[in-house]
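Peer 1: Once you've had a glance at the structure underneath, I'll fire off some questions.
The values are calculated or read from the model by the stated rules, or taken from the named source; none is laboratory data. Keep in mind that this is a model prediction, so the values were computed, not measured. Glycine also receives a Cβ, built like all others from the backbone with ideal geometry; neighbour counts cover every protein chain displayed.
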Amino acid sequence: MKLSLQKIHVNRVEFGKHFSVEHGLLTINMEKLKNELLKDCHLKSLEINIVHPGDCCRVINVLDVIEPTWKPDMLGLFPNLLGEKNGVGMGTTIKLSGMCIVTCCNLPFEVQEAIIDYSTSLLGFSLFSSLCGIIIEITPDTGYPKPDIIKSLQLAGLKSAALIAEWTHSSSYPDSHQIYQINKVAHYLPGAIGILELAGGGRLSGDLLYGQTVEEDICTIHPNELVDGAIVSGLIRDSANRNTTYFYQNNPLVNALMEAHGQMVSFNGLILLTEKSSCQLRSIEDECLVLVQMLQLLNATGAIICGGRNKLAVKRMCVLHDKCNALGIKVVMMPANGEQCAEMGRRQQVKEFDNLISIGNGEEEIILPEVKRVYGGKYIRGNNAMNEVKVPIQTMVGSINPCGGGVIRANG
């Protein structure tokens, strides 16, 4: 499977009468984009705004963050949502880097806070604060069933990402070109496997794999498929401790293993797990036995597992570590600090449990400064969203991330 990834870098965005990218300046026709999105009857109205790093503004009630992406004929782009399954992870993919689409909505049902603050003093707390942003503030028609509203909100972000990239890519030559391909390498290199945990629970609280909610299954996927949007974020109830679609498109673990492939390791594959919400320890034991068998079939010398969103996921990490360690397969875990990490130490006591990379502690508090503009709502914890407010870091989208994509983490 071979994918040619072309990137056009964007460092400024402005409104205009047409769509184009020239010397890093992205121009978009706001009315054309708005009219296209409002063809969805579930969306009552929307506003489109532009923000840049250092602007005195913040976005609250963030639903998702997506990188503008396009494929010729739409084959394989966000499969089963916008494009077809054929062509995923193959052919040519064009992206607008240095920017992102941010969808936000003050939903009429409970959603945890999710904030991106562009103030200069907070640029170091979230990756997305350092990117140019096209903010799409959506008001849904609440007369429709909740599942229909959620689907339309998700599609609005994906459509925006695809349309902006499609309407602008031909006006500029790519700034970079990279080939994504896993070739066979020398057998003496250690075999590395990446293990990603997807959020389960359906729309509103679960990720989408090929457009479908994920169940309690174990499967493999080619890393190239993530680049084309085979996995889309559906977890909008959590804030920082989730994978936005942007982090699936630009998965830090996959990128690191692809870069090391053929030099330090042999990247032998990617395994997907589903987050557990309730189960018996026996079920975790059985699942880990299957995982170990898959790792052996993939000739794994070591594995890196990302996840740990809840205590059951942490338990699974520990049990898998124990079983793999007994077979000589090294496991590196990427848990969050705080209660979950403490739970790992208290309840499992795994021997040689020292291969940890922290993705950050979301429980620490920071002070958000007063801003001049707010998109996505009016209140944060009952207070005026424009005022200074103290919040946990985990409310900042992109500050910590289960895949290691946050800026508050330890590298190893």
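Peer 1: Is one or more of the residues making up the stretch 27-37 in contact with a His (Cβ under 8 Å, 6 or more places away or on another chain) and either acidic (Asp, Glu) or in the same structural domain as Cys105 (by TED's automatic domain parsing) (or both)?
Peer 2: Yes, some residue in the stretch 27-37 is in contact with a His (Cβ under 8 Å, 6 or more places away or on another chain) and either acidic (Asp, Glu) or in the same structural domain as Cys105 (by TED's automatic domain parsing) (or both).
Peer 1: Considering only strands (runs of 3 or more DSSP E) fully contained in the stretch 320-376, which possess at least 3 residues that are touching an Asp or Glu at 6+ places or on another chain (Cβ under 7 Å) and at pLDDT below 60?
Peer 2: Strands (runs of 3 or more DSSP E) meeting the threshold: none at all.
Peer 1: On the given criteria, is Glu14 closer than 14 Å to Trp167 by Cα, of a type outside the set (Lys, Arg), exposed (fewer than 14 other Cβ atoms within 10 Å of the Cβ) and touching a residue at least 12 places away in the same chain (Cβ under 8 Å)?
Peer 2: No: the conditions fail for Glu14.
Peer 1: From Gly133, Gly211, Gly206, Gly157, which residue is within 22 Å of Tyr248 (Cβ to Cβ) and in contact with a His (Cβ under 9 Å, 6 or more places away or on another chain)?
Peer 2: Answer to the selection: Gly133.
Peer 1: Conditions first: (1) surrounded by fewer than 17 Cβ atoms within 10 Å (Cβ to Cβ); (2) in contact with a Gly (Cβ under 8 Å, 6 or more places away or on another chain); (3) farther than 19 Å from Ser130 by Cα. Glu47 passes all but one, so which condition is the exception?
Peer 2: Tallying (1) surrounded by fewer than 17 Cβ atoms within 10 Å (Cβ to Cβ); (2) in contact with a Gly (Cβ under 8 Å, 6 or more places away or on another chain); (3) farther than 19 Å from Ser130 by Cα, Glu47 fails exactly one: (2).
Peer 1: Say we look at the stretch 160-181 and pick out the residues that are out of contact with any strand residue (DSSP E or B) (no Cβ under 7 Å at 6 or more places or on another chain) and farther than 25 Å from Asn255 by Cα; which of these is modelled with the lowest pLDDT?
Peer 2: Checking each candidate, the answer is Ser170.
Peer 1: Within the stretch 122-145, work out how many residues are small (Gly, Ala, Ser) and without any contact (Cβ under 8 Å) to a residue 60 or more places away in the chain.
Peer 2: 1
Peer 1: Among what's in the stretch 183-205 and is outside any strand (DSSP E or B) and touching a strand residue (DSSP E or B) at 6+ places or on another chain (Cβ under 6 Å), pick the residue that is farthest from Val265 (Cα to Cα).
Peer 2: Gly202
Peer 1: Still on this model: Those residues that are at pLDDT below 95, within 30 Å of Asn86 (Cα to Cα) and in a loop (DSSP other than H, G, I, E, B), I need them from the stretch 1-18; list them, please.
Peer 2: Those that are at pLDDT below 95, within 30 Å of Asn86 (Cα to Cα) and in a loop (DSSP other than H, G, I, E, B): Met1, Lys2.
Peer 1: Of everything in the stretch 100-124, what is surrounded by fewer than 23 Cβ atoms within 10 Å (Cβ to Cβ) and not in a loop (DSSP other than H, G, I, E, B)? Give them in sequence order.
Peer 2: Once the filter is applied, which keeps residues that are surrounded by fewer than 23 Cβ atoms within 10 Å (Cβ to Cβ) and not in a loop (DSSP other than H, G, I, E, B), the stretch 100-124 yields Ser119, Thr120, Ser121, Leu122, Leu123, Gly124.
Peer 1: Only one residue in Phe247, Phe267 is of a type outside the set (D, E, K, R), in a strand (DSSP E or B) and either crowded, with 24+ Cβ neighbours inside 10 Å or at pLDDT 90 or above (or both), so which one is that?
Peer 2: Answer to the check: Phe267.
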